[in-house]
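Quick notes on the structure that follows.
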């Protein structure tokens, strides 16, 4: 099922965003969340989080994949997710969603960096961070590092996030092929992260993406996509309820080696609530 989804993105912007002024209003985002240590590592340095709003139409999903010795990676990823959950709603009251995302990425970087400087054992700790916000019929998203966001629509899959890795830079510069990139020994060496420096790069989408009924968004750490292909991720996520899809994806990655922590969030845009879709409100 793996396809490059280019048709929508190749449309002129005027056509692509023709419904931006009137996004769909009758929808419900069903969400599943699961994080697993894998079968090799004894600890889980990933963290996942969700902000579910009282109106049932709006939510934010976040995944962070920590790095650093001892417990540092786990601390960094937890801080980044907690900052998002604490600050996003407040920013959204006084700014547009894109600005709220930018502020949260900056806050997360500042807090992880500060915490890393406070204890010698945590110096240099950091984390990836990928976030999706579904607000009033529009999707906003951004990332730092190599945790990913996919959109599965009409049987096709598209990676929305930008990998900040050495291999991605080589690939974008035309210095290596896609086939070489897939098996490159440095494919997981990231070029920027949350908390390793006082400032960092965050790729926040310039334009909001109008959602459609049937859309399926998948956020994940590299522990999933290194072992499960893009097409498989899309097919499994589209065919099952969100929480069940998360479990099937994690189980599949573990069956194929599970050599890293595995985190996944699945957000499906449905027409109405289902029992499987109910999840707690974490922010009003």
Conditions (1) touching a strand residue (DSSP E or B) at 6+ places or on another chain (Cβ under 6 Å); (2) within 23 Å of residue 210 (Cβ to Cβ); number of the one not met by residue 64: (2)
Options 205, 242; residue that is within 23 Å of residue 135 (Cβ to Cβ) and more than 14 Å from the chain's Cα centre (by Cα): 242
Pair list, Cβ under 9 Å, 6 or more apart: region 53-72 residue free of Cβ contacts under 8 Å to residues at least 60 places away in the same chain and at positive phi, other residue buried (at least 21 other Cβ atoms within 10 Å of the Cβ) and part of a strand (DSSP E or B): 68/126; 68/127
Per-region count, region 203-248, residues crowded, with 22+ Cβ neighbours inside 10 Å, in contact (Cβ under 8 Å) with a residue 60 or more places away in the chain and part of a helix (DSSP H, G or I): 9
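Do the conditions hold for residue 242, that is, is it in contact with a strand residue (DSSP E or B) (Cβ under 6 Å, 6 or more places away or on another chain), farther than 24 Å from residue 83 by Cα and modelled with pLDDT of 95 or more?
In short, yes.
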Scan of region 82-133 for residues that are part of a loop (DSSP other than H, G, I, E, B) and either more than 21 Å from the chain's Cα centre (by Cα) or surrounded by fewer than 17 Cβ atoms within 10 Å (Cβ to Cβ) (or both), ordered by number: 95, 96, 119, 123, 124
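The values are calculated or read from the model by the stated rules, or taken from the named source; none is laboratory data. Computed from a predicted model, the values in this text were never measured in an experiment. Glycine gets a Cβ as well: all are built from the backbone with ideal geometry, and neighbour counts include every protein chain shown.
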